[in-house]
Every structure is written in C-alpha cells, then in structure tokens.
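Below: one structure, written as structure tokens.
Read the figures in this text as sums done on the coordinates, not as results from a lab. Worth saying up front: this structure is predicted, and the values here are computed from it rather than measured. Positions of Cβ are generated from backbone atoms using ideal geometry, with glycine treated the same way; all protein chains shown enter the neighbour counts.
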Amino acid sequence: MSIAEAGKTVSVHYTGKLEDGTVFDSSIDREPLSFTVGAGQMIKGFDDGIVGMKVGEKKELVLQPEQAYGEHKVENIHEIDKNNIQNHEELTEGQSVTFNTQDGQPIGGTIKEIKDSTIVIDFNHFLAGKTLTFEVELVEVA
C-alpha cells in the first residue's frame with residue numbers, strides 16, 4: 001500500500017474549517033489537491049500531518065496558528081496615503097487588494113478602513129491567528 005512520505009507527490013481531498021465550524025475551503029466538489037510532501041508547497045502543519053497516511057485513509061488535522069498561517073501581527077497593518085494608491089476612489093472596506101513590494105513581489109492585503117486621506121490595509125493572511133481544522137483523505141500517492 002502506498003504511504004505518504006517526504007518527496008512523494010500526493011493527492012488529497014480536504015475540507016478546511018474555522019473553530020466555529022465555518023468552512024473556508026474544500027476540494028470536495030473539485031479535483032483533489034496535489035502537492036509534493038515536504039517541499040514547502042503547503043502550510044507546515046498540513047504537510048506534516050499527511051506524512052504516514054495510507055491511500056484511502058481519512059484524518060483530522062487541528063492546526064494552531066504557528067503550524068498554519070502564523071500569528072496575526074500588528075506590524076503587518078499599514079496606513080497608506082491615498083495619493084500613493086492608484087484608483088483609490090474605487091476601493092471599499094473589506095476588499096482584497098494586491099500591491100507590489102519595493103523588489104516587485106506581489107503582496108495581498110485587505111482594506112480595513114478608508115479615512116479622509118489614508119487607507120488602512122491589513123497585509124496579514126486572512127487566516128493568520130486562527131486555529132484551523134482540516135478533514136483530509138489521502139486519494140493517491142505517486
């Protein structure tokens with residue numbers, strides 16, 4: 001029987017839930033998720049939790065923030081002058097936005113507040129600081 005181990009490509013079906021049971025993502029109605037175990041393609045707790053599973057096995061992974069998207073950090077919230085943002089008049093609170101860092105790398109954020117002359121943007125991952133539960137089924141090991 002095939003077992004998930006570092007370096008192997010696996011396919012899994014999963015459902016990710018918040019502590020209150022709200023589903024934030026699921027592969028159930030689409031193709032299974034494929035990735036290479038241990039290659040850093042997944043959050044650490046998910047990657048580690050798959051190791052040792054057998055094809056057809058189901059498992060529940062409960063991940064603390066440090067095993068998932070990290071803690072929510074105040075230093076990742078920035079107040080930016082509206083004059084530095086193109087089309088700022090089209091933005092709304094709660095909207096997801098993408099900017100480029102000084103070295104050209106894209107970085108996503110969520111608009112938290114629009115003030116008179118500035119916009120407050122949270123660049124934390126939307127799941128940062130949250131404990132996540134994943135129901136996982138190992139579908140295939142290649």
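A few points about this structure:
- If the condition is being touching a strand residue (DSSP E or B) at 6+ places or on another chain (Cβ under 6 Å) and in a loop (DSSP other than H, G, I, E, B), then segment 113-142 contributes Phe123, Ala142.
- Among the strands (runs of 3 or more DSSP E) confined to segment 14-112, the ones with at least 2 residues that are over 16 Å from Val139 (Cα atoms) and not hydroxyl-bearing (Ser, Thr, Tyr) are located at 23-26, 58-63, 77-81, 96-100.
- Under the condition of being among the acidic types (Asp, Glu) and loosely packed, with under 12 Cβ neighbours inside 10 Å, the residues counted in segment 10-25 number 2.
- Residue list for segment 53-72, filter: farther than 23 Å from Asn124 by Cα and surrounded by 13 or more Cβ atoms within 10 Å (Cβ to Cβ): Met53, Val55, Glu57, Lys59
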